Structures are given as structure tokens and as C-alpha cells.
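Here is the structure we will look at.
The values are calculated or read from the model by the stated rules, or taken from the named source; none is laboratory data. Treat the numbers as computed from the prediction; the structure is a model and nothing was measured. Cβ placement follows ideal geometry from the backbone for every residue including glycine, while neighbour counts extend to all protein chains displayed. Surface accessibility is based on the protein's heavy atoms, side chains included, excluding ligands, DNA and RNA. Shrake-Rupley method; radii C 1.70, N 1.55, O 1.52, S 1.80 Å.
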Amino acid sequence: GQQVMQIPQYQHVQEGEDFTTYCNSSTTLSNIQWYKQRPGGHPVFLIQLVKSGEVKKQKRLTFQFGEAKKNSSLHITATQTTDVGTYFCAGPPGDMRFGAGTRLTVKP
Amino acid sequence: DAGVIQSPRHEVTEMGQEVTLRCKPISGHNSLFWYRQTMMRGLELLIYFNNNVPIDDSGMPEDRFSAKMPNASFSTLKIQPSEPRDSAVYFCASRRNRGQVSGANVLTFGAGSRLTVL
């Protein structure tokens, strides 16, 4: 099945710093989804991007879908301790394979 | 809506024993996915069903693993015989397939079954 690659694997930031994770595919994706998993929890859906070049915002989170629909990013502005967790991208909609995830830790 | 329900939440068993994990998807969802999560391998797709039919089981590690979905409201993942390397958290997720419609195809995960094989 198609694989999505995600970087970085880990990111440790000071509270208030920004954070970005990137998702890349070797083939064009019809859409891409982002999920967040809190420590000890299960993945929870954040957002879906469908259109080329699409940008969506959820409060301090900004999601982008590349023009070629082969890459995507999640940017968090001014991280808070509540942002701690692992962020996954997933696609395509058929078999829903997840990237390796980026584990974010935030130092207060 | 009770969400996706998985059981057991935790299981500790000895090598060689049979393990059965259960999942009840959200009513009305017509696709069901089984994932395995470990530190080393991340979140791996094992198998998924559309309308109770297995579509892709290429992620199933080996013949010791089997999955069934006898009806729209129930699925099982069975490991026989179990081995220590099967220790992981197993997630079930379901969704309502609506093709390429924006906002569709969102996965809802269960709380997971944590398996420890001694």
C-alpha cells in the first residue's frame, strides 16, 4: 500500500515556541487527514485537506496541502503543554495508512 | 453514540495461548480497520473491511493472525498461537465511506486493547 513519510520523528520545544511537522508522499494523494494522539490515548481526527494548495486553521494550528498534493504540513504557533502528543498524517482514503508520527513534547 | 467499543482493554497472556480481540464499530459505519501500534513500528494497518468484506489484509503479519467481520456490528482479531513479539496496543477504527466528499472518510478509533504476551 501507499506510504506517507513523516518528519521529524521527535520534537521537543519550550512552551511558547512554534512547531511544524511535515508529511510527504511519493504519489499524489486525493486527500490527507491529520490526527492527534495524546499519551496513553487513541488517535483523534483533527482535519482533512482535499484541495491543492489548501490551507486550514484551527486556532493555533495551521494545516497546508501542497500544490502537487504530495505533501502536507501542520504548524502550531506558540505551543502549550496541552499540545503534547503524537501527530499523524494519514492517506489516501482507501486504505488509510498512517505516517510514523511526530511526537511533540513541550517544556513548561 | 457510544463510539467504537473494543474489548478487552487489557490482556496479559502466556506465549502459545490464543488471543481474541473484539470490536463494535459505530452504527452506520461501513468500513472497519484494525491497527497495531508499537514503539518500534508505529501505527500499522493490519486489515480493513468494507461492508463486512476484507479488502486488504496485506498488513497481517503472518498466518497466526486472522480477522473476521461476521456482521456490520462486530469484528474480531485473533492471534493463535500468540508470541511475545505480538505485544502491542491494537486499535479498531470505523468510518462511513462516502467517496471523495469533503468531510467524509473520517476514522473514529476505539480506546484500544493493550496486549502483553509473556
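Take chain B and mark each of the trypsin sites (Lys or Arg not before Pro) that is in a DSSP loop with at most 13 other Cβ atoms within 10 Å; the longest unmarked stretch, sites excluded, is B:42-97. Spin-label model, B:Ala72 to B:Arg85: label points 7 Å out along the Cα-to-beta-carbon direction sit 3.9 nm apart. Relative contact order of chain A, taken over Cα pairs closer than 8 Å and 6 or more residues apart, is 38 percent. Under the simplified labelling scheme, the B:Asn52-A:Arg60 pair shows an inter-label distance of 4.7 nm, with each label point 7 Å from Cα along Cα→Cβ.
Counting Cβ atoms of other protein chains within 10 Å of each residue's Cβ and taking the mean over peptide B:33-44 gives 3. Counting Cβ atoms of other protein chains within 10 Å of each residue's Cβ and taking the mean over peptide A:48-60 gives 1.
Where the centroid of each part is defined by its Cα atoms, how far is region A:51-73 from region A:6-26 in Å? When both Cα centres are located, 14 Å separates them.
Other residues with beta-carbon under 12 Å from the beta-carbon of A:Val44 carry, at +1 per Lys or Arg and -1 per Asp or Glu, a net charge of +2. For chain A, the share of accessible area belonging to carbon and sulfur comes to 53 percent (1.4 Å probe, ligands and nucleic acids excluded). A 1.4 Å probe run over the protein chains yields, for region A:21-108, 42 Å² of accessible area per residue, whole-number rounding. Model label sites at A:Ile7 and B:His10, defined 7 Å from Cα along the beta-carbon direction, differ in position by 3.9 nm. Placing a label point 7 Å from the Cα of B:Met40 along the Cα-to-Cβ direction, none of the residues of region A:1-21 has a backbone N under 12 Å of that point.
Per the accessible-area calculation with a 1.4 Å probe, the total area buried between chain B and chain A rounds to 1700 Å².
For trypsin sites (Lys or Arg not before Pro), the sites in region A:41-70 that DSSP calls loop and that have at most 12 other Cβ atoms within 10 Å are A:Lys51, A:Lys59.
Here the relative contact order of region B:35-118, from alpha carbon pairs under 8 Å that lie six or more residues apart, stands at 24 percent. Lysines near B:Lys24 by alpha-carbon distance under 30 Å, same-chain residues fewer than 8 away left out - which ones? Partners within reach: A:Lys36, B:Lys68, B:Lys78. Label point of B:Arg96 set 7 angstrom out along Cα-Cβ; within region B:59-80, amide nitrogens under 20 Å from it belong to B:71-75.
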